[in-house]
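Enquirer: The structure under discussion is supplied below as structure tokens; questions concerning it will follow.
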Amino acid sequence: MTSSLTNWSGHHIYQATRVITPNTLDELRQAVTQSRRLKVIGARHSFNHIADSPDTLISLAHFDRVIALDRVKHTVTVGAGMSYGQLCQYLHEAGYALHNVASLPHITVAGACATATHGSGDGNGGLATAVLAFELLTAAGELVTMSPDKLGAAFYGAVVGLGALGVVTQLTLRVQPSFEVQQVIYQNLPFAQLETHFDDVMSHAYSVSLFTNWLENDISQVWVKHRLEVGDADRVFASDWLGATLAGRKLHPIGHLPADSCTEQLGARGSWHERLHHFKIAFTPSSGEELQSEYFVARQHAVAAIRALRALAAHIAPVLQISEVRSIAADDLWLSPCYQQDSIGLHFTWQKNWTAVKQVLPMIEASLAPFNAKPHWGKLFTLPAPRLRALYAHMPEFVALAQQFDPTGKLRNAFLDEIVFGA
């Protein structure tokens, strides 16, 4: 067993008997066709066993290059092992940008898209909404181009594929001209103001994130990222906003931690790739000493869901490091938690204490059940599999799609068998 290989947080020990890091497509095809069961690992930032395998793990670390930049179609094609940090730097230097990024630049493009990972912003869809096409190596070793032209509506089931269809080798993403961002933080936004002006708060800028421990009577930090187009003057920020105060120093979301790892704040103008992330590529936030969960509710339920979580504050706070609330635009991806509904993500960065966290999650899930909350595919949850499957209208069609591309179940594992296939 590869007992020394763990996920990013060190919480999950991978059970695979071997790890293969191919250098070429031919080596990858050989690894795939000769393995009995397999999964692909990227940055290993999943907090559950969605990417584990009882047999083979394949790392695409060497598939980390830009393959093509099309300045006419405004697309970029990248290897599946490329991280957002690498891609964002390349695009910035080429004069382009992505519409959105995640909090961490360390995660891989393929892994983020396969699990419907998202960034933030009322008008910004999750990261997978930038995918226009991708290349898939099937369990039988066939290389297939996945696009709307080839698959029709099934393409929207394949993008967030949970690694169940095959090995993604490259992706083509939509890009746009580069832009700049000013980031500031407001402190101590009263919950009463948030509940009254929720839509105003979340739409206040291109991206808005709320940080709280649920115990206090206010949101401790509101991270505000304003987009600037070419020629725009610097924005002037009010010192007071809905009762919150403009921060006069750089802050970490977890208030007592040093802010060196965080992207620049205080209104300093900078490139999108140096502001939309919360953390810099040169740092590993919290050194992995954390667990994570996240739940998504439809936008119209946001205030009610926040009130429900505040009622659980006495149970949540003792095992919590910080929570983040973000907005995500609706999309058409079958297994995205934002499928055809503008959504709010309720994120929990826990202390590294699974025994304690496991006791709190069912309480959270019960309190959010009236709002049909969906958990993030790559984070920790205890929601029963039948309940989770019922939240996705296209789940039967996705299962059929996975069986079409992987009829022998080579890409399946314990997570997929239980949560997706109901085996």
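Enquirer: List every residue pair whose Cβ atoms sit under 6 Å apart, with the two residues 6 or more apart in sequence or on different chains, where the first one lies in the range 214-236 and is more than 21 Å from Tyr96 (Cα to Cα) and the second, anywhere, is among the basic types (Lys, Arg).
Expert: Pairs found: Trp214/Arg310.
Enquirer: Select from the range 343-360 the residues that are touching a Phe, Trp or Tyr at 6+ places or on another chain (Cβ under 6 Å) and not β-branched (Val, Ile, Thr) and write down the one among them that is surrounded by the fewest Cβ atoms within 10 Å (Cβ to Cβ).
Expert: The selected residue is Gly345.
Enquirer: Those residues that are closer than 19 Å to Pro177 by Cβ and either buried (at least 17 other Cβ atoms within 10 Å of the Cβ) or assigned by TED's automatic domain parsing to the domain that holds Ala97 (or both), I need them from the range 219-249; list them, please.
Expert: Once the filter is applied, which keeps residues that are closer than 19 Å to Pro177 by Cβ and either buried (at least 17 other Cβ atoms within 10 Å of the Cβ) or assigned by TED's automatic domain parsing to the domain that holds Ala97 (or both), the range 219-249 yields Lys225, His226, Arg227, Leu228.
Enquirer: With the requirement that a residue be at pLDDT below 90, surrounded by fewer than 17 Cβ atoms within 10 Å (Cβ to Cβ) and in contact with a Gly (Cβ under 7 Å, 6 or more places away or on another chain), what does the range 1-49 give you?
Expert: The answer is Gly10, and nothing else.
Enquirer: Among the residues of the range 115-138, which ones are touching a residue at least 60 places away in the same chain (Cβ under 8 Å), touching a strand residue (DSSP E or B) at 6+ places or on another chain (Cβ under 8 Å) and within 28 Å of Asp26 (Cα to Cα)?
Expert: Listed by number, the residues that qualify are Ala128, Leu136, Leu137, Thr138.
Enquirer: Now a separate question. Just for the range 31-63: of the residues that are part of a helix (DSSP H, G or I) and touching a residue at least 60 places away in the same chain (Cβ under 8 Å), which one is nearest to Leu136 (Cα to Cα)?
Expert: Val32
Enquirer: Do you know which residues across the range 50-67 are surrounded by 23 or more Cβ atoms within 10 Å (Cβ to Cβ) and within 14 Å of Leu162 (Cα to Cα)?
Expert: Ile50, Ala51, Ser53
Enquirer: Being in a strand (DSSP E or B) and either over 16 Å from the mean Cα position of the chain (by Cα) or over 16 Å from Ala102 (Cα atoms) (or both) is the filter here, so list the residues in the range 321-355 that pass it.
Expert: Selection gives Gln321, Ile322, Asp331, Tyr339, Trp350.
Enquirer: Taking Phe155, is it among the aromatic types (Phe, Trp, Tyr) and free of Cβ contacts under 8 Å to residues at least 40 places away in the same chain?
Expert: yes
Enquirer: Might you let me know whether the range 370-380 holds any residue that is more than 20 Å from the chain's Cα centre (by Cα) and over 30 Å from Ala140 (Cα atoms)?
Expert: Yes, the conditions are met somewhere in the range 370-380.
Enquirer: Same structure, new question: Assess whether Gly121 counts as being crowded, with 22+ Cβ neighbours inside 10 Å and at pLDDT 95 or above.
Expert: Judged against the criteria, Gly121 is a match.
Enquirer: Please tell me if Ser367 is in a strand (DSSP E or B), under 30 Å from His204 (Cβ atoms) and in contact with a helix residue (DSSP H, G or I) (Cβ under 7 Å, 6 or more places away or on another chain).
Expert: no
Enquirer: Filter the range 330-342 down to the residues that are touching an Asp or Glu at 6+ places or on another chain (Cβ under 8 Å) and free of Cβ contacts under 8 Å to residues at least 60 places away in the same chain, then identify the one that is surrounded by the most Cβ atoms within 10 Å (Cβ to Cβ).
Expert: The residue in question is Tyr339.
Enquirer: Which residues, taken from the range 394-423, are part of a loop (DSSP other than H, G, I, E, B) and either under 19 Å from Thr115 (Cβ atoms) or among the β-branched types (Val, Ile, Thr) (or both)?
Expert: Across the range 394-423, the qualifying residues are His394, Asp406, Thr408, Leu411, Arg412, Asn413, Val420, Phe421.
The values are calculated or read from the model by the stated rules, or taken from the named source; none is laboratory data. Just so we're clear, the structure is a prediction, and the values are computed from it rather than from any experiment. FYI the Cβ positions are ideal-geometry reconstructions off the backbone, even for glycines, and counts take in every protein chain you see.
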